[in-house]
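Notes follow once the structure below has been shown.
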C-alpha cells in the first residue's frame with residue numbers, strides 16, 4: 001500500500017482551508033490504495049469547437065488540415081510512449097492508432113461536406129464513432145475516453161490552441177478531472193501528484209490501472225468532483241473511496257498516523273504469502289510488458305500471475321514472427337529466473353481487432369470470437385506464440401505456465417492443453433471468466449493443470465453489466481454476493497479435481513477481499529505490485545479457518561455493502577485499524 005502522499009506532502013506547503021469552508025465528505029470508489037492530502041489542481045476540460053464556426057471555403061484544404069491535426073496527435077502520443085513504462089506505453093500506442101484511424105478522417109470529410117467547420121467536423125466525427133464504440137461494448141467501449149481525448153486534441157490542433165491536460169503546478173497536489181485520459185495519466189509527475197480523483201471512470205478504467213501501477217492513491221466516480229474549486233485542500237482515501245473537502249486537520253493527522261502505523265507494520269513483513277497457520281498463498285504481479293517485468297522482478301514477489309501479451313500484437317501490421325516474439329518474452333522472463341510467470345495467450349478478436357487477424361464484424365464482439373475462439377480460427381497465431389514462449393522459457397529458466405482466455409467448455413480446455421504440450425510447454429491452464437466455465441470448473445479444470453479467475457470479466461458476465469460503464473459500478477462491485485457465489489462454485493470444482501486456482505482480477509489486491517477469496521479456496525493472488533504488501537499483511541494475521549468464516553459471512557450477505565461490512569467487522573482489528 002502506497003505511502004506516496006505521506007512521503008511527499010509537507011504540511012507547510014499545502015493550502016490551508018479557508019475559514020468559510022466547512023468540511024464535506026463524499027463517497028467515491030477507491031481504486032488505488034493509500035491516503036493523500038493536498039490542494040486541488042483541476043485538469044483543463046476538453047477543448048470544444050466554436051458554437052458558430054463558419055463552413056469552410058476549400059474542402060480539400062480543410063480536409064488536409066484535419067488529417068494533419070489527427071497525425072499531430074498520433075505523433076505526440078507516440079513521443080510520450082517512449083518516456084513511460086510498458087502498461088502506459090501500450091495504452092498510448094493504442095490511442096495513437098485511434099488517431100490514425102482512416103474512418104475518423106472519412107467521417108470528418110462528410111461533416112465538412114455538410115457545411116461544418118474544421119473543429120466541428122472533427123468533434124462530430126468523433127461523437128459518431130463514440131456512439132458506435134459504446135454500442136459495440138467490450139474493448140471498443142473501453143476506448144471511448146481515449147477516442148474523445150484524441151478528438152479534443154485534434155480540435156485544439158486545428159484551432160491553434162493548447163491541448164487539454166494537467167496545468168503546471170509546483171507543490172504536491174491532488175489532480176481532479178472529469179476523466180483522465182491515458183496520455184495524461186501515463187505522464188504524471190509522481191513527485192508532485194499525491195492523489196487522483198475523477199468524476200467518471202471505473203474500477204478497471206485506465207486511470208485505475210495506471211494509478212495502481214504508479215502507486216498513486218486514487219478515487220473514481222466521485223460526484224461533482226469537477227466543481228471543487230482549484231486550490232481547495234482535500235483528503236482522499238484510496239482504499240475506502242472517501243474524499244473530504246476542506247478537512248479538519250485532525251482528520252489529516254489521523255490519516256497520517258494510520259499511514260505511519262501501516263508503514264511500520266509492513267516494514268517487518270516479507271517473503272512468500274502465508275496465512276497465520278502456515279497455508280501458502282502465492283502473491284504475484286500483473287504485468288503488461290518488459291519494463292513492468294523488470295520493475296516487478298526486483299520486488300518481493302513470488303512471480304507473475306498474469307502477463308498480458310497483447311502489447312506484442314496491437315501495433316503490428318503483420319503477425320510477429322516466432323523470433324520477434326521470443327526476444328520480447330526473454331526480456332519478460334529473465335527477471336524471474338526460478339519463479340513462476342503465468343502467461344495469458346493472445347486475448348483478441350472482433351472486440352480487439354488486429355489487422356492481420358480480422359474475422360470480420362460481429363454484432364456483439366465482447367461475446368464473439370475473442371480469446372481462445374480466435375485461436376481456434378487462427379491456430380497458426382497460437383502455435384507461433386506457444387513456440388516462442390517455449391524458446392524463451394528454456395533460455396531464461398523461468399517457471400512458465402500458459403493459460404488461455406475466454407474458455408467456456410471442457411472441450412476447449414482440452415484442445416488448448418494439447419497444443420500447449422505439443423509445443424513443449426509443461427503447464428497449461430485456463431482463465432475462468434465465463435460463468436459457464438465456473439459452474440463446470442470440475443470438468444474444465446480436469447483437462448488442464450491450473451485455473452485463474454479473471455474476476456473483472458467474471459463480474460461483468462455474471463451481473464450483465466459492462467465493466468467500463470461507470471454508472472454500473474454498483475453492479476460490478478466485486479463484493480456482490482452473486483459474484484462471490486460464482487467464485488465459490490469455481491473453487492469447489494477446482495478442489496474436486498485437485499487443481500490450484502488463483503485470482504488475477506483487481507479484487508485480488510483488496511486486503512479484505514483477499515481474505516474472502518482464500519476462504520473460498522483460492523491458492524494464489526495476482527495484483528498490481530503496489531498492493532502486495534498489505535495483502536501479505538492481511539493473510540499473515542488470519543488463519544484459513546478465519547478466512548473461511550469471513551467468506552461464509554460475505555456470501556451470506558444480502559448486498560455488496562453488507563458483505564463488505566460483515567467482513568470488516570469480522571476481520572482482526574490489527575488489520576482493519578490500518579485500513
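What follows is calculated from the coordinates using simple rules that are stated; it is not laboratory data. Bear in mind the structure is a predicted one, so any value in this text is a computation, not a measurement. All Cβ positions, even for glycine, are placed from backbone atoms using ideal geometry, and neighbour counts span all protein chains on display.
Listed values, structure above:
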read-out	value
Å³ per residue enclosed by the Cα convex hull of segment 446-556	105
Theoretical gain in end-to-end length, residue 191 to residue 57 [0.36 nm per residue, Cα-Cα removed]	43.4 nm
Value of relative contact order over segment 104-196, rounded to a whole percent, pairs C-alpha under 8 Å and six or more apart	21
Å³ per residue enclosed by the Cα convex hull of segment 261-320	105
Volume in Å³ per residue [convex hull over Cα atoms, computed for segment 219-312]	181
Computed E for residue 277/residue 568 - FRET, C-beta separation, R0 25 angstrom, nearest 0.05	0.70
Expected 222 nm ellipticity per residue - DSSP helices of 4 or more, -39500 (n - 2.57), all of the chain, to 500	-14000 deg cm²/dmol
Kirkwood hydrodynamic radius over Cα pairs of segment 381-524, then Stokes diffusion coefficient at 20 °C and 1.002 mPa s, in µm²/s	137
Alpha-carbon radius of gyration plus Dmax, which is the widest Cα pair, for segment 287-343 in Å	11.6, 37
Per principal axis, descending, Cα span of the chain in whole Å	74, 65, 43
Mean Cα-pair separation over length for segment 60-159, i.e. relative contact order, pairs under 8 Å, 6 or more apart, %	34
Peptides 173-179, 188-194 ordered by average Cβ neighbours within 10 Å, highest first	173-179, 188-194
Computed Kirkwood radius, in angstrom, where 1/r is averaged over Cα pairs of segment 120-271	17.4
Ranked list, fewest to most other Cβ atoms within 10 Å of each Cβ, for 527, 249	249, 527
Over the chain, relative contact order from alpha-carbon pairs under 8 Å, at least 6 apart, %	15
Computed label-point distance, nm, for sites residue 576 and residue 559 using a 7 Å Cα→Cβ extension	1.9
Protection-proxy order for peptides 403-411, 251-259, 95-103, 528-536, each taking the mean of Cβ atoms within 10 Å per residue, highest first	528-536, 403-411, 95-103, 251-259
DSSP-defined beta bridges in the chain - what % are antiparallel, rounded to 5	30
Kirkwood Rh and Cα Rg combined as Rg/Rh, segment 60-159	0.98
FRET efficiency for residue 64 and residue 27, using Cβ-Cβ distance with R0 set to 51 Å, rounded to 0.05	0.55
